[in-house]
1. Using 10 Å bins from zero, what percent of all Cα-Cα pairs in the stretch 158-310 falls into each bin?
2. Of all the accessible heavy-atom surface of the chain, with the other protein chains kept in place and a 1.4 Å probe, what percent is carbon and sulfur?
3. Here are some pairs, Lys61/Lys97; Lys41/Lys306; Lys268/Lys306; Lys43/Lys109; Lys160/Lys266; which of them have Cα atoms lying more than 32 Å apart in this structure?
4. What is the projected area of the convex hull of the Cα atoms of the stretch 77-202, averaged over all directions, in nm²?
5. Applying the Karplus parametrisation 6.51 cos²θ - 1.76 cosθ + 1.60 with θ = phi - 60° to the phi angles of the stretch 38-55, what ³J(HN,Hα) value in whole Hz is obtained for each residue in order, glycine and proline being reported as x?
6. Where does helix 289-311 land angle-wise versus the long Cα axis of the chain, in degrees 0 to 90, nearest 10?
7. Compute the length gained on full extension between Thr75 and Leu262: take 0.36 nm times their separation in residues and subtract their Cα-Cα distance, giving the result in nm to one decimal.
8. Would you kindly derive the ³J(HN,Hα) couplings of the stretch 137-142 from the backbone phi angles with the Karplus curve 6.51 cos²θ - 1.76 cosθ + 1.60 (θ = phi - 60°), listing them in order in whole Hz, with x for Gly and Pro?
Amino acid sequence: MRFDKIAVVGAGIMGHGIAQIMAQGGKKVVLNDINQEILDKAKSKVAESLKMLVDNGMLDKTQADTAADMISYTTDLDKIADADLVFEVVPEKMPIKESIFGRLAGICKKDAVWATNTSGIPINTLAALTDRPELFVGAHFFQPAHLVPLVEVIQGDKTKPEVITAMLELLRAVGKSPVHVKIDIPGFIGNRLQHAIAREAMSLLQKGVASAEDIDLVVKDSLAIRMVFTGPIQQRDFNGLDTHLSITEYLYKDLENSTEPLAILKDKVQMGDLGLKTGKGFYDWSGGLAAQATAEKNQQLIEIIKFLKNRA
């Protein structure tokens, strides 16, 4: 199973990043969207991202130019008819996804593999909307897709093993670090871990235990640093499983275990304080701070990735 020609349907924040990664890996990519303005923005974003990689010594100019040339942009879905692999990256709304799958069924080759970038909808639910559940797989990239190495490859109940193998091989070939999620569980792995931490952090903030800044600092200056080198399970081995068990016996019962969103989160959303997109969330991002923070975060991610690659 070979993926020589790749299509990405949906050119938003994640879509253009996935297209860029594939192009950097030497794959011809067709990036599709129904909106020409979104496609134009995607092309500009890819150019900006490639320039950032060149400026940071992660690509040379020739490699960046070659990658840019490997991507074609179109509003015509028929242009993806010869794709071996199609990444679906449309909004997380079932009617939209169902409509796209229906249109793709009449366009794509019968042996083309479809991969959804959904972060929450079960793979089996989406596969049931297609004409090829055995060729359907989850490929969950993390934002920003062109920088964060991890991709979760989620196996549906009917996904052929060779599809999983081929997807893992492709992602490794283009420089990603894929993991095989063997059971289609809500949230997969990354979001389950991320939401568990976020729930406890917001609970601590809601209880007044510490400020948002101090709670974040605890993670950034301790947990995050250690977890660059050891994940949460490996870290337990370092600490000693007997010690960990002793702590769980008194701590677990006091951890946040609400099955409903916390009031502090619901109140923020009801007030329209949604984070960077509105200029205010748990922090104030007004006055251009949102763009500045995004640029700084991306630069910091690049420095970490360069360090890890040099270490390897």
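1. Pair shares across the bins are 8, 24, 35, 26, 8, 0.
2. Values: 9980 of 17530 Å².
Accessible surface attributable to carbon and sulfur in the chain totals 57 percent.
3. Details: Lys61/Lys97 37 Å; Lys41/Lys306 27 Å; Lys268/Lys306 36 Å; Lys43/Lys109 27 Å; Lys160/Lys266 41 Å.
Violating the 32 Å Cα-Cα cut-off are Lys61/Lys97; Lys268/Lys306; Lys160/Lys266.
4. On the way: hull surface 32.1 nm².
One quarter of the hull surface, i.e. the mean projection, equals 8.0 nm².
5. Ordered by residue, 3J(HN,Hα) equals 5, 5, 4, 5, 4, 4, 5, 5, 4, 4, 5, 5, 5, 4, 4, 5, 5, 4 Hz.
6. Tilt of helix 289-311: around 80 degrees.
7. Details: separation 187, 0.36 × 187 = 67.32 nm, distance 4.09 nm.
Taking 0.36 nm per residue and subtracting the Cα distance, the gain is 63.2 nm.
8. The phi angles translate into 8, x, 9, 8, 8, 10 Hz.
The values are calculated or read from the model by the stated rules, or taken from the named source; none is laboratory data. Because the structure is predicted, anything quoted here is derived from the model rather than measured. Note that we place each Cβ from the backbone using ideal geometry, even for glycine, and neighbour counts take in every protein chain shown. Side chains included, ligands, DNA and RNA excluded: accessible areas come from the protein's heavy atoms. Shrake-Rupley method; radii C 1.70, N 1.55, O 1.52, S 1.80 Å.
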